[in-house]
Amino acid sequence: MIYQQEHAPEAAAISGFAERFLRQGAAIGEARGEARGEARGEARLLRQLLTKRFGKPSELIERRLETADAETLALWFDRALEARALEDIFYD
């Protein structure tokens, strides 16, 4: 009890510090989750476009779609709009 009374300011500071980091961690996790959700939605739309234009994508292309970031998916989507073949989309 005496220890708690003597060190109350330090305990409050540490508690506030921990709360800030927990909030920051939650915000970072939420942002990452939103970004991944957006990428999954973009991958779904690109998969739909590819299927309509070229038939069902191969397993290799499916893996690339599932692991690509939003920027790459947007690039591939733009290419897919005018591509004559899958190779025109996924060249790197």
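FYI, it's all coordinate maths here, none of it is from the lab. Predicted model, so just to flag it, every value in this text is computed and none were measured. In this analysis, Cβ positions are derived from the backbone assuming ideal geometry, glycine residues included, and neighbour counts consider all displayed protein chains.
Cβ under 15 Å from LEU60's Cβ, LEU60 left aside: what net charge do those residues give with Lys, Arg +1 and Asp, Glu -1? Kindly include the intermediate steps, with their values, before the conclusion.
Values: positive: ARG47, LYS56, ARG63, ARG64; negative: GLU59, GLU62, GLU66, GLU87, ASP92.
Taking every Cβ under 15 Å from that of LEU60, the sum is -1.
Roughly speaking, what is the stretch gain from ARG44 to GLU87, that is 0.36 nm per residue apart minus the C-alpha to C-alpha distance, in nm to one decimal?
Working: separation 43, 0.36 × 43 = 15.48 nm, distance 1.92 nm.
That works out to 13.6 nm of additional length.
Please arrange ILE14, ILE89, ILE61 by counting, for each residue, the other beta carbons lying within 10 Å of its beta carbon, fewest first.
Listed from fewest to most nearby Cβ atoms, that is ILE14, ILE61, ILE89.
Nothing charged except the Cβ atoms of Lys and Arg (+1) and of Asp and Glu (-1): what's the magnitude of the dipole of region 2-88 about its Cα centre? Round to the nearest 20 debye. Before the final figure, lay out the partial values.
On the way: 14 positive and 16 negative charges, 109 e Å.
With only Lys, Arg, Asp and Glu charged at Cβ, the dipole is about 520 debye.
What does the net charge come to around ARG32 if you take all other residues with beta carbon closer than 13 Å to its beta carbon, with K and R at +1 and D and E at -1?
Working: positive: ARG36, ARG40; negative: GLU30, GLU34, GLU38, ASP69.
Result for the neighbourhood of ARG32: -2.
Say R0 is 22 Å: what FRET efficiency, to the nearest 0.05, do GLN24 and GLU71 get from their beta-carbon distance?
Values: r = 25 Å, r/R0 = 1.12.
Taking R0 as 22 Å, the efficiency between GLN24 and GLU71 is 0.35.
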